[in-house]
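These notes are about the structure you will find just below.
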Amino acid sequence: MSGTFVGMPAFPEAARSAVDDPTLRGNLRHATHTIRAKRAGAVAELADWAQLREAGRRIKDHTLRHLDRYLEQLEASVTAAGGTVHWAADADEANRIVTRLVKETGESEVVKVKSMATQEIGLNEALEAEGIRAYETDLAELIVQLGRDRPSHILVPAIHRNRGEIRDIFRTEMAAWGRPAPADLTDTPADLAEAARLHLREKFLRARVGISGANFMVAETGTLVVVESEGNGRMCLTLPQTLISVVGIEKIVPTWRDLEVFLQTLPRSATAERMNPYTSTWTGTTEEDGPRTFHLVLLDNGRTDALADQVGRQALRCIRCSACLNVCPVYERAGGHAYGSVYPGPIGAVLTPQLRGTTSEIDASLPYASSLCGACYEVCPVAIDIPEVLVHLRERVVQGGPAVREGNKVVLRPAKGHAAERAAMRAAAWAFGHPGALRAGQRIASRSRRLHPRTLPGPGRAWSGTRDLPALPAEPFRDWWQRTRGGKDAK
């Protein structure tokens with residue numbers, strides 16, 4: 001995975017800074033509460049939502065178990081339809097492929113559909129280094145690009161910005177990228193959208209190369225699918241002469257019948273719509289209709305490593321709806337930048353450490369960026385048990401152990417800074433395995449409770465720095481049970 005965000009502080013430090021920003025907290029609270037309330041209403045309209053969710057889970061699990069076969073089928077289908085398939089093992093290879101393809105056209109600028117895969121690999125930066133300028137055309141991505149910012153939400157990358165901030169960005173930055181914003185631009189949504197439309201229209205009409213991702217790829221026909229709400233994606237997919245799509249290998253579904261399930265669950269979970277205003281599909285090339293040349297870059301970049309993890313692989317089911325972010329109390333307060341990745345929130349906390357590994361301080365901290373409340377699992381349209389994966393990854397960080405990195409089986413060393421945690425867990429395991437010692441320890445703790453501090457010393461300060469230690473009861477439960485019921489259940 002690209003190192004674009006690596007080097008940022010670990011999650012606890014980044015989150016602490018974000019929590020101290022009242023404007024950011026207000027923007028996030030308003031946006032996430034609004035989106036999740038609308039989503040709840042849209043989902044409640046379907047009596048068979050639970051069945052659709054289960055169907056999505058099963059389709060994804062089946063596809064991941066047979067991913068090699070479906071990828072080969074996809075390649076054959078795309079090739080037969082007139083497209084060209086490229087395989088990229090990592091971010092560097094994907095960037096080299098795309099850069100070469102753009103240079104072969106002779107163009108020095110491209111328009112882009114919103115794509116998390118291209119953000120993941122740092123494609124814009126790689127193109128810029130080769131003298132190629134990439135223009136984001138999604139409204140929220142445009143705001144992020146003009147503001148020299150980073151996305152903070154899967155669906156709404158500029159969710160951390162309010163209307164006044166967006167107006168100021170348009171006024172000061174738009175002219176350097178093309179058509180300037182109107183001098184009398186206000187912060188009303190209609191005026192901001194019109195300024196963006198006028199700014200982008202000249203780029204759509206001039207561009208000869210478009211770059212996209214895809215929400216889904218259908219193996220049986222080689223069809224790619226992009227769902228969106230603005231129409232900018234369709235402009236990028238149809239007007240340029242050359243289209244290059246960079247897509248993670250997990251985005252595949254076997255058949256059109258399987259796709260039908262996700263075209264119901266994704267819009268309701270993401271934008272609270274019954275269907276997306278724009279659902280664009282394309283299969284290879286067609287004479288005198290759409291791009292004359294189509295390239296598909298299939299991106300691994302750690303996905304095969306994640307697939308080898310029997311617990312963690314369920315994160316590859318993700319359809320990028322962002323529902324988990326909108327219900328997460330940690331994300332709501334910390335924001336997306338604190339996660340140090342293009343994949344923020346609960347799904348980022350389980351996906352990023354698997355794609356990038358846990359060797360850096362920030363990646364080792366991500367599995368702890370959760371209260372384990374389980375709200376993310378409840379709203380996930382493909383039933384990813386994010387709390388289960390978080391606990392699994394925490395164990396990997398603390399204990400190390402076998403894993404797969406870059407296709408090779410390795411034994412990970414425990415991350416630094418967790419020696420006290422390992423010692424505490426070993427002590428707890430021993431105590432629970434010796435009932436007599438556990439009972440004696442409980443009695444001593446209860447009788448000395450008045451001497452207990454409210455915070456822990458040493459490494460324990462990391463836990464008690466934001467919470468008080470629970471007060472111990474005057475009597476251990478075992479003793480109370482023996483005294484009141486004689487160890488027997490009352491009839």
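The values are calculated or read from the model by the stated rules, or taken from the named source; none is laboratory data. What you see is a predicted model; the values in this text were computed from it and never measured. Reconstructed Cβ throughout: ideal geometry from the backbone, glycine too, with neighbour counts over all protein chains shown. What goes into the accessible areas is simple: the full protein's heavy atoms, side chains included, and nothing from ligands, DNA or RNA. Shrake-Rupley method; radii C 1.70, N 1.55, O 1.52, S 1.80 Å.
Laid out as a table, the results:
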| quantity | calculated |
| --- | --- |
| GLU260 open to solvent by 40 Å² or more (accessible area, probe 1.4 Å), acidic (Asp, Glu) and farther than 18 Å from ALA383 by Cα | no |
| Subset tally (residues that are closer than 23 Å to ALA420 by Cα and either assigned to a loop (DSSP other than H, G, I, E, B) or under 42 Å from the mean Cα position of the chain (by Cα) (or both)) for segment 439-464 | 13 |
| Answer residue from segment 134-154, given it is assigned to a loop (DSSP other than H, G, I, E, B) and open to solvent by less than 30 Å² (accessible area, probe 1.4 Å) and is nearest to ARG167 (Cα to Cα) among those | GLY147 |
| Unique residue being out of contact with any Pro (no Cβ under 6 Å at 6 or more places or on another chain) and without any contact (Cβ under 8 Å) to a residue 12 or more places away in the chain when the list is ARG150, ARG100 | ARG100 |
| Filtered residues of segment 214-248 (kept if open to solvent by less than 20 Å² (accessible area, probe 1.4 Å), among the aliphatic types (A, V, I, L, M) and either assigned to a strand (DSSP E or B) or over 20 Å from GLU202 (Cβ atoms) (or both)) | ALA214, MET217, VAL218, ALA219, LEU224, VAL225, VAL226, LEU243, ILE244, VAL246, VAL247 |
| Residue ID - surrounded by the most Cβ atoms within 10 Å (Cβ to Cβ), chosen from residues in segment 288-342 that are in a loop (DSSP other than H, G, I, E, B) and basic (Lys, Arg) | ARG320 |
| Those residues of segment 1-17 which are in contact with a Leu (Cβ under 9 Å, 6 or more places away or on another chain) and modelled with pLDDT under 90, in sequence order | MET1, SER2, ALA10 |
| Filter pass, GLU388 being open to solvent by 10 Å² or more (accessible area, probe 1.4 Å), modelled with pLDDT of 95 or more, acidic (Asp, Glu) and farther than 14 Å from CYS328 by Cβ | yes |
| Lone qualifier among LEU155, LEU198 - being of a type outside the set (Lys, Arg) and more than 25 Å from ALA270 (Cβ to Cβ) | LEU198 |
| Residues satisfying the stated conditions in segment 46-91, i.e. farther than 16 Å from ALA383 by Cβ and among the acidic types (Asp, Glu) | ASP68, GLU72, GLU75, ASP90 |
| Qualifying residue in segment 429-443 (condition: surrounded by fewer than 15 Cβ atoms within 10 Å (Cβ to Cβ) and under 30 Å from THR304 (Cβ atoms)) | no |
| Selection status of ARG483, loosely packed, with under 10 Cβ neighbours inside 10 Å and without any contact (Cβ under 8 Å) to a residue 24 or more places away in the chain | no |
| Subset of segment 90-124 (residues that are open to solvent by 20 Å² or more (accessible area, probe 1.4 Å), more than 19 Å from ALA140 (Cβ to Cβ), in contact with a helix residue (DSSP H, G or I) (Cβ under 9 Å, 6 or more places away or on another chain) and assigned to a helix (DSSP H, G or I)) | ASP92, ARG96 |
| Single match in ARG426, ARG478, ARG467 (criterion: open to solvent by 90 Å² or more (accessible area, probe 1.4 Å), of a type in the set (Lys, Arg) and assigned to a loop (DSSP other than H, G, I, E, B)) | ARG467 |
| Which listed residue is in contact with an Asp or Glu (Cβ under 7 Å, 6 or more places away or on another chain) and under 26 Å from ASP289 (Cα atoms), from SER115, SER77 | SER77 |
| Among the candidates ILE159, ILE166, ILE211, residue that is within 24 Å of the chain's Cα centre (by Cα), crowded, with 23+ Cβ neighbours inside 10 Å, under 29 Å from GLU104 (Cβ atoms) and aliphatic (A, V, I, L, M) | ILE211 |
| Checklist (1) surrounded by fewer than 21 Cβ atoms within 10 Å (Cβ to Cβ); (2) modelled with pLDDT of 95 or more; (3) assigned to a helix (DSSP H, G or I) applied to VAL398, failing item | (2) |
| Subset of segment 357-378 [under 14 Å from ALA315 (Cα atoms) and open to solvent by 10 Å² or more (accessible area, probe 1.4 Å)] | CYS376, TYR377 |
| The lone exception for ARG439 - which of (1) in contact with a helix residue (DSSP H, G or I) (Cβ under 9 Å, 6 or more places away or on another chain); (2) under 30 Å from SER360 (Cα atoms); (3) without any contact (Cβ under 8 Å) to a residue 40 or more places away in the chain it fails | (2) |
| Matching residues in segment 180-192 - criterion: being open to solvent by 50 Å² or more (accessible area, probe 1.4 Å) and closer than 26 Å to MET116 by Cβ | PRO189 |
| Where ASN276 falls short, out of the listed (1) among the polar types (S, T, N, Q); (2) open to solvent by 20 Å² or more (accessible area, probe 1.4 Å); (3) without any contact (Cβ under 8 Å) to a residue 60 or more places away in the chain; (4) within 22 Å of THR137 (Cβ to Cβ) | (2) |
| Every residue from segment 41-57 that is loosely packed, with under 14 Cβ neighbours inside 10 Å and either in a helix (DSSP H, G or I) or touching a residue at least 40 places away in the same chain (Cβ under 8 Å) (or both) | GLY41, ALA44, GLU45, ALA50, GLN51 |
| Selection count, segment 243-277, where residues are at pLDDT below 95 and either in contact with a strand residue (DSSP E or B) (Cβ under 7 Å, 6 or more places away or on another chain) or closer than 30 Å to THR105 by Cα (or both) | 1 |
